[in-house]
Structure formats: C-alpha cells, structure tokens
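Enquirer: Have a look at this one.
The values are calculated or read from the model by the stated rules, or taken from the named source; none is laboratory data. Keep in mind that what you see is a predicted model, and the values were worked out from it rather than measured. Note that we place each Cβ from the backbone using ideal geometry, even for glycine, and neighbour counts take in every protein chain shown.
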C-alpha cells in the first residue's frame, strides 16, 4: 500500500503530464488560428495578383 506522500507524488506527476498535453494542444490551436488569420488577411492580396505560371508551364499534370 502506498503512503500519502507517494500518492501525492504520483498525482503531481499526472497533473504535470496533463498540463503539458494541454499546453501542446493550445499551442497547436494557436498556430492553426494564426494560419487561418493569415490566409484570410492575405486572400485579397493574392486574388489581385496576376498568375505567374500558366497550365502550359507545367511539366507534369496530375488528374
């Protein structure tokens, strides 16, 4: 049977592990949000730009 101190240590390790996983998920969500924001804010800019390449410039076409 574990003593109180051992149980507290084990709980602390689990809390740290969960905290790290939450931090990682939040970081990924922030990155995704920044990418979406950049895509939306730059879409008008790219729509106004002429196409640099044409279909004829492709060496390989994927269907």
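Enquirer: Would you confirm, using the coordinates I've provided, whether residue 38 is more than 23 Å from the chain's Cα centre (by Cα) and modelled with pLDDT under 95?
Expert: Spelling it out, it is not the case that residue 38 is more than 23 Å from the chain's Cα centre (by Cα) and modelled with pLDDT under 95.
Enquirer: Residues of the stretch 1-50 being surrounded by 10 or more Cβ atoms within 10 Å (Cβ to Cβ) and in contact with a helix residue (DSSP H, G or I) (Cβ under 8 Å, 6 or more places away or on another chain), which ones?
Expert: Correct list: empty.
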